[in-house]
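The values are calculated or read from the model by the stated rules, or taken from the named source; none is laboratory data. All figures in this text were calculated on a predicted structure; none of them were measured in a lab. Because the Cβ atoms are built from the backbone with ideal geometry, glycine has one as well, and the counts that use them run over all protein chains shown. Surface accessibility is based on the protein's heavy atoms, side chains included, excluding ligands, DNA and RNA. Shrake-Rupley method; radii C 1.70, N 1.55, O 1.52, S 1.80 Å.
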Amino acid sequence: MSPVSDSTNRVIPGPQEPEEKTYHPSDGLFTDAHVPDFDAYLALYKKSTEEPEEFWADVAQEFYWKKPASGPMLQYNFDVNKGNIYIKFMEGAKTNICYNVLDRNVHERNLGEKVAYYWEGNSPDHHQTITYNQLLRNVCRCANALKLLGVKKGDRVAIYLPMIPELVYTMLACARIGAVHSIVFAGFSSESLCERIMDAQCNILVTADGVYRGDKLINLKKIASEALERCKESMALCVQKCVVVKHHAFRTSSDASNKLQTPWDESCDIWWDDLMDGVSDKCEPEWMDSEDPLFILYTSGSTGKPKGVVHTVTGYMLYTSLTFKYVFDYHHDDVYWCTADIGWITGHSYITYGPLANGATSVLFEGVPVYPHVGRLWEIIEKYGVSKFYTAPTAIRLLMKYGREPLQRYDLSSLRVLGTVGEPINPEAWLWYYDVVGQQRCPVIDTFWQTETGGHVLTPLPAATPLKPGSATCPFFGVQPAILNEHGEEVEGEAEGYLVFRKPWPGIMRGVYGNQERFESTYFRKFPGYYVTGDGCRRDKDGYYWITGRIDDMLNVSGHLLSTAEVEAALSEHPSVAEAAVVSRPHAVKGECLYCFVTLKDHKEFNRSLMEELKRKVREKIGPIATPDFIQNAPGLPKTRSGKIMRRVLRQIARNEKDLGDLSTLADPKVVEVLFSQRCEAAA
Ligand code: PRX
């Protein structure tokens with residue numbers, strides 16, 4: 001590949017690339033890049049796959065080891081026919097991840113006075129700066145306090161907190177004393193919290209009194225108490241103490257606005273401040289084996305019951321640290337901001353562990369993108385001089401709706417790298433991010449990964465990888481992707497099929513908590529010898545990977561494999577469309593056909609001529625085979641609280657299946673009724 005830049009940094013397609021434009025960041029931005037060009041990427045990638053022992057031994061050198069590894073770096077079995085599935089990385093070495101992300105920065109790298117986090121509250125009036133010294137002291141205090149409550153190595157601690165400093169303190173305190181944290185996103189219901197507490201048999205819960213999300217006050221403690229009540233009713237109460245941070249009462253309310261009734265159980269509940277009072281801020285870390293568990297994080301499963309994904313200490317530490325450094329091309333003067341919530345894997349890996357392992361300065365944001373105004377994200381970028389910014393396509397599409405004007409009020413010239421994660425990004429959103437947010441200076445790094453992968457597995461590197469809008473491009477170091485057909489055979493060259501990985505990398509999950517059978521059946525049984533992502537993928541002629549959506553979102557129309565994501569991208573290109581979601585619906589002749597939900601931009605009208613234009617758009621972009629049979633106006637789409645569209649629900653609406661099952665993970669269940677009442681009976 002030898003892209004040539006024109007004055008806008010767009011790469012002029014060569015003769016073999018008639019359709020696809022590639023983009024390359026401007027040279028001046030990356031004079032000191034860790035991976036300066038594509039050849040350098042290829043050389044490092046080669047080393048990581050052909051000499052993995054040396055490659056990872058080099059990476060490990062930067063970290064502190066209480067006891068160095070003596071055996072092989074990596075041991076594994078990916079083949080269910082050869083016995084249990086397992087992955088072990090640097091087994092026998094002893095270390096502590098909390099020590100490595102804090103003490104090492106303070107004592108060995110002299111970063112004690114450096115800012116670890118700029119905490120920015122839901123309201124712009126609330127903010128706090130936390131240095132590495134302060135972070136270390138607060139984590140140690142919390143670690144000692146947990147010990148006072150009887151928490152010891154291997155115990156599970158449930159954390160149900162908003163995006164406040166205590167969330168970071170608590171997770172790192174667990175890591176310091178060898179307890180396993182299980183963070184539950186603070187937007188989940190009491191039922192979901194209870195289910196997760198019981199599954200992991202947590203004996204401590206850490207929560208807060210309340211939190212504002214935008215202008216909505218949420219009584220977290222009430223939800224937490226209800227969850228504990230539910231656990232009790234199931235005769236499975238394992239939680240002995242519930243620690244409560246006075247976040248709302250102390251930080252965010254005036255007397256007049258503190259209307260929260262905080263339910264209180266004297267036998268169980270204890271205020272955070274009372275617990276920390278007089279506790280020492282020094283705490284010797286627990287030295288952990290590489291393969292001791294670090295945390296459990298629940299992710300939804302196709303059966304409806306969430307799976308407790310288990311990650312262990314050393315592999316996760318090395319992998320999140322290395323991906324953070326290369327994928328964001330991290331340098332010490334960066335100010336980095338990931339807008340995810342720590343309740344999800346993105347926050348675990350790229351707000352807490354990865355950035356701290358590198359001694360980075362990050363923004364920790366409690367709020368939402370459109371409160372108190374639609375320019376809030378841009379305001380924060382200007383305020384802290386953010387240079388590396390990482391967000392989700394859903395946030396980009398939301399902000400696109402408000403146009404350029406809210407951005408033009410702020411100075412975004414500090415930005416260097418823009419990242420996205422979580423779902424396929426449609427080219428229209430990608431280009432808006434690139435053109436309007438990054439002002440054509442900043443590469444858009446589309447990172448593909450999963451809760452299960454621990455860190456990025458397919459991703460561009462900012463200075464090295466020519467970009468194609470909508471492609472997560474190439475594998476990260478040590479990652480060996482393959483594409484399989486329906487028969488489990490690897491397909492070479494340009495191809496489409498199941499995305500799998502041939503070998504483990506250090507950050508891959510080690511199991512489903514308490515359920516080896518589910519671990520093996522979900523990820524390894526379909527295609528023995530491979531880790532199966534559950535995503536569909538296309539590889540183009542340049543070897544670039546394009547995630548086409550979950551395999552269950554693939555559909556076969558008249559014998560042609562189509563991806564819903566592809567059709568969605570086409571629909572989203574229409575200037576009237578804000579967002580689109582496409583599902584399959586059975587069809588008497590074609591087998592399956594396309595049922596499309598489209599959300600229009602403000603003040604746009606849904607009518608027959610728009611439907612015709614949309615059909616034309618899809619035909620133009622993909623071909624007549626992909627012409628939608630149904631197009632429904634959708635004022636809103638059913639989304640989880642993390643912004644993922646629940647396609648299962650859309651499929652059921654499209655098929656007129658009224659028994660919708662569990663809708664508790666939906667952010668706004670009312671949307672479903674509206675969509676049902678307006679569903680299309682006849683083809684468009
Ligand atoms: O379908 C893929 C999609 O999100 C799934 C993983 O979701 P989760 O475990 O919640 O983790 C999200 C944050 C890492 C994947 O199986 N996904 C994630 N990133 C991308 C993506 N799809 C397309 N492009 C991406 N960059």
Check: Quick one: how many Å² of His107 are accessible to a 1.4 Å probe, rounded to 10?
Finding: 130
Check: Under 27 Å from the Cα of Lys621, which lysines turn up, not counting those fewer than eight places away in the same chain?
Finding: Lys21, Lys401, Lys468, Lys541, Lys590, Lys601, Lys604, Lys639, Lys644
Note to self: Taking every pair of distinct Cα atoms and averaging 1/r, then inverting, what Kirkwood hydrodynamic radius in Å comes out for segment 264-321?
What the structure shows: 15.3
Item checked: Förster radius 35 Å - calculated FRET efficiency between Glu517 and Ala682, Cβ distance, rounded to 0.05 -> 0.15
Next item on the list: Provide the per-residue ³J(HN,Hα) series for segment 381-398, in order, calculated from phi with Karplus coefficients 6.51, -1.76, 1.60 and θ = phi - 60°, each as a whole number of Hz, with x at glycine and proline positions.
Entry: 4, 5, 4, 9, x, 4, 9, 10, 10, 10, 8, 10, x, 5, 5, 4, 5, 4
Item checked: Contour minus Cα-Cα distance for Gln408 and Asp274 (0.36 nm per residue) -> 43.6 nm
Next item on the list: List every residue whose amide H lies under 5 Å from the amide H of Asp446, counting only residues 5 or more places away in sequence or on a different chain, with H placed 1.01 Å from N in the peptide plane.
Entry: Thr420
Item checked: Per-residue HN-Hα couplings for segment 142-155 [Karplus 6.51, -1.76, 1.60; θ = phi - 60°; Hz; x = Gly/Pro] -> 5, 4, 5, 5, 4, 4, 4, 7, x, 6, 9, 3, x, 5
Item checked: Where Rh is the Kirkwood radius over Cα pairs, Rg/Rh for segment 267-379 -> 1.03
Next item on the list: Report, to two decimal places, the Cα Rg of segment 465-571 normalised by 2.2 N^0.38 Å (N = number of residues).
Entry: 1.13
Note to self: Just to confirm, what accessible area per residue do you get for segment 200-243 at 1.4 Å probe, in whole Å²?
What the structure shows: 42
Next item on the list: Take peptides 181-192, 66-77 and line them up by average Cβ neighbours within 10 Å, highest first, as a rough protection proxy.
Entry: 181-192, 66-77
Notebook entry, point to check: Mind ordering 144-151, 456-463 by average Cβ neighbours within 10 Å, highest first?
Noted result: 456-463, 144-151
Checklist line | Spin-label zone in segment 183-197 - amide nitrogen under 20 Å from a point set 7 Å from the Cα of Met235 along the C-beta vector | finding: 194-197
Checklist line | Segment Gln201-Ala57, extension gain: residue separation times 0.36 nm, minus the distance between their alpha carbons | finding: 48.3 nm
Checklist line | Reach of Lys383 by Cα under 18 Å, taken over lysines that are not fewer than 8 positions away in the same chain | finding: Lys114
Next item on the list: Please report the relative contact order for the chain, taking Cα pairs under 8 Å with a sequence separation of at least 6, and give it as a percent rounded to a whole number.
Entry: 12
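What whole-number value in cubic angstrom gives the convex hull volume per residue for the C-alpha atoms of segment 451-525?
117
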Next item on the list: Kindly write out, for segment 405-411 in residue order, the coupling ³J(HN,Hα) from the Karplus curve 6.51 cos²θ - 1.76 cosθ + 1.60 (θ = phi - 60°), rounded to whole Hz, with x marking Gly and Pro.
Entry: 4, x, 7, 5, 7, 10, 8
Checklist line | Length released on extending from Trp264 to Asp125, taking residue separation times 0.36 nm less the Cα-Cα span | finding: 47.1 nm
Next item on the list: Compute the distance in nm between two label points, each set 7 Å from the Cα along the Cα-to-Cβ direction, one at Asp540 and one at His587.
Entry: 2.6
Note to self: Can you give me the accessible area per residue for segment 491-640, using a 1.4 Å probe, in Å²?
What the structure shows: 39
Notebook entry, point to check: Which value in deg cm²/dmol, rounded to the nearest 500, describes the helix-derived mean residue ellipticity at 222 nm for the chain, given -39,500 (n - 2.57) per DSSP H run of n ≥ 4 and division by the residue count?
Noted result: -7500 deg cm²/dmol
Item checked: Under 5 Å, built H, 5+ apart or other chain: amide partners of Gln632 -> Cys596, Phe597, Val598
Next item on the list: Could you tell me which of rounded, prolate or oblate describes segment 574-668, using a ≥ b ≥ c as the square roots of the eigenvalues of the alpha-carbon gyration tensor, with rounded for a/c under 1.5 and, failing that, prolate when a/b is larger than b/c and oblate otherwise?
Entry: oblate
Item checked: Accessible area of segment 317-447 divided out per residue, in Å², using a probe of 1.4 angstrom -> 25
Checklist line | For segment 389-450, Kirkwood radius (reciprocal of mean inverse C-alpha pair distance, Å) | finding: 11.7
Checklist line | Anchor Lys153: aspartates and glutamates whose Cα lies under 15 Å away (excluding residues fewer than 8 positions away in-chain) | finding: Glu284, Glu286, Asp289, Glu291, Asp292
Next item on the list: Return the inverse of the average 1/r over all pairs of distinct C-alpha atoms in the chain, which is the Kirkwood hydrodynamic radius, in Å to one decimal.
Entry: 26.0
Margin query: Within segment 470-509, list the residues whose amide N lies under 19 Å from a label point set 7 Å along Cα→Cβ of Ile625.
Written below: 484-487, 491-499
Note to self: Leaving out ligands, DNA and RNA, and with a 1.4 Å probe, what % of the accessible surface on the chain is carbon or sulfur?
What the structure shows: 48
Next item on the list: Give the calculated FRET efficiency between Trp287 and Asn77 to the nearest 0.05, with a Förster radius of 35 Å applied to their Cβ-Cβ distance.
Entry: 0.80
Notebook entry, point to check: Hey, with R₀ at 30 Å, roughly what FRET efficiency would Asp32 and Glu191 work out to, going by the Cβ-Cβ distance, to 0.05?
Noted result: 0.05
Check: Based on DSSP, what percent of beta bridges with both residues in the chain are antiparallel, to the nearest 5?
Finding: 60
Item checked: For Gln480, residues with placed amide H under 5 Å, excluding near neighbours -> Arg502, Lys503
Item checked: Nitroxide proxy distance, nm - points 7 Å out along Cα→Cβ at Leu42 and Lys67 -> 4.4
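How large is the convex hull of the C-alpha atoms of segment 176-239 per residue, in Å³?
84
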Notebook entry, point to check: Once the whole set of protein chains is in place, how much accessible area is left on Tyr545, using a 1.4 Å probe, in Å² to the nearest 10?
Noted result: 20
